[in-house]
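Report on the structure given below.
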Amino acid sequence: MLVKLVSRRAVSPLVSTLLIMVMTMLALSVTLGYTQATLTRKNGETDFESAKNFMRNLALQVDDVAWVKGRVDTVHFTSQYGQIEYLSDAVQYRIDFYDGSNRLVGSNVTDCDVFMYNMPTEKYYLEEGYYEPLIIEGSNNIIAIGTNAPVTRVFAAQSSTVGDAQFLRIVLVPALRCQTYNVTSNDITTRYVRIYIPKLQPGYSSSLPKSVVLTGLDIKTEIHEAVRRIDVSLVFPMDAKYYDNNFFQFKVGDAPAVTQSISLTGDSNAELYIGMVRLDYGA
């Protein structure tokens with residue numbers, strides 16, 4: 001019987017080389033995946049910070065054009081991941097005017113659209129329930145008091161229950177500005193209270209917008225006499241999709257609220273101004 005002896009010395013280096021190659025490729029794959037995820041998050045963070053500045057500027061421009069018919073302003077932005085969304089009739093304001101006997105002397109119901117910049121959470125996320133106001137403190141009140149008070153609220157929020165998809169959202173929603181002043185003539189003082197609210201109107205849009213053009217369309221006015229109290233209440237027509245006050249977080253002081261009242265020191269002429277602003281967003 002003839003026995004052949006075969007040398008297997010060459011097999012061991014081959015197996016070792018293959019193992020080293022596989023481990024190297026595995027390490028490269030893990031490193032590449034981590035690097036790609038880190039790069040995506042970093043780009044998303046840059047996108048998000050840029051979007052916050054864009055929405056702040058947009059809020060200022062809304063106030064700029066809303067009260068001058070025919071005025072046009074443009075706000076440019078760049079985005080790698082973000083998506084623009086226009087939400088119709090998301091917030092409804094009811095404004096009631098009462099005299100000294102608590103009789104209703106006038107009422108106005110205004111449906112307001114909302115403009116949003118949405119960042120997909122797979123590109124960048126913070127945490128569930130995240131909320132951050134992006135303009136001056138106190139701007140989340142239902143009524144902002146003062147000449148320099150904002151007429152829009154801008155905030156960032158992340159909620160998995162809101163809308164049809166999961167986004168980190170930056171939201172611009174019209175708000176109420178209230179200011180009071182007195183005019184004295186021939187020793188007679190007349191009190192005035194003015195309420196301003198912008199109303200967004202949809203215009204031209206494209207799937208890849210690079211700018212938003214705002215145009216002041218018209219200013220609707222109402223005047224009510226001998227007013228002593230103004231009540232404002234909120235309704236959220238899209239609460240079925242959880243666009244409610246848990247999302248918008250309107251407050252009076254530090255407490256969440258959907259109603260707010262203003263008591264006036266005497267009979268006042270109440271003037272309501274609704275500024276119509278068209279938004280066109282395209283290339």
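Results for (1) out of contact with any Asp or Glu (no Cβ under 9 Å at 6 or more places or on another chain); (2) surrounded by fewer than 13 Cβ atoms within 10 Å (Cβ to Cβ); (3) hydrophobic (A, V, I, L, M, F, W, C), shown as yes or no for each residue.
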{"residue": "A156", "(1), (2), (3)": "no, no, yes"}
{"residue": "C178", "(1), (2), (3)": "yes, no, yes"}
{"residue": "N186", "(1), (2), (3)": "yes, yes, no"}
{"residue": "V193", "(1), (2), (3)": "no, no, yes"}
{"residue": "P198", "(1), (2), (3)": "no, no, no"}
{"residue": "Y204", "(1), (2), (3)": "no, yes, no"}
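Out of all the residues in the range 103-113, is one or more in contact with a strand residue (DSSP E or B) (Cβ under 7 Å, 6 or more places away or on another chain) and part of a loop (DSSP other than H, G, I, E, B)? Please lay out each step first, then the result.
Let us first name the residues in the range 103-113 that are in contact with a strand residue (DSSP E or B) (Cβ under 7 Å, 6 or more places away or on another chain), namely 104-113.
Checking which are part of a loop (DSSP other than H, G, I, E, B) leaves us with none.
No: zero hits.
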Extreme residue, nearest to the chain's Cα centre (by Cα), among residues of the range 234-276 that are more than 24 Å from Y192 (Cβ to Cβ) and among the aliphatic types (A, V, I, L, M):
M238
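For (1) under 23 Å from V235 (Cα atoms); (2) in contact with a helix residue (DSSP H, G or I) (Cβ under 9 Å, 6 or more places away or on another chain); (3) part of a strand (DSSP E or B), each residue gets a yes or a no:
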residue: K52; (1), (2), (3): no, no, no
residue: R56; (1), (2), (3): no, no, no
residue: Q61; (1), (2), (3): no, no, no
residue: T78; (1), (2), (3): no, yes, no
residue: V91; (1), (2), (3): yes, yes, yes
residue: F115; (1), (2), (3): yes, yes, yes
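In this structure, does F97 turn out to be crowded, with 22+ Cβ neighbours inside 10 Å, modelled with pLDDT of 95 or more and closer than 19 Å to Q260 by Cα?
Values: crowded, with 22+ Cβ neighbours inside 10 Å: yes; modelled with pLDDT of 95 or more: yes; closer than 19 Å to Q260 by Cα: yes.
Yes.
So which residues in the range 229-261 are touching a Gly at 6+ places or on another chain (Cβ under 8 Å) and surrounded by fewer than 18 Cβ atoms within 10 Å (Cβ to Cβ), if there are any at all? It would help to see each step written out before you state the result.
Restricting attention to the range 229-261, the residues satisfying the condition of being touching a Gly at 6+ places or on another chain (Cβ under 8 Å) are 241-243.
Scanning the range 229-261 gives K241, Y242.
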Can you spot a residue in the range 123-136 that is crowded, with 17+ Cβ neighbours inside 10 Å, modelled with pLDDT under 95, within 18 Å of D63 (Cα to Cα) and not charged (D, E, K, R)?
yes
Check off (1) among the aliphatic types (A, V, I, L, M); (2) at pLDDT below 95; (3) closer than 29 Å to Y181 by Cα for A240 and give me the number that stays unchecked.
(3)
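The values are calculated or read from the model by the stated rules, or taken from the named source; none is laboratory data. These numbers were taken from a predicted model, which means no experiment stands behind them. Using ideal geometry, Cβ is built from the backbone for each residue, glycine included, and neighbour counts are taken over all protein chains shown.
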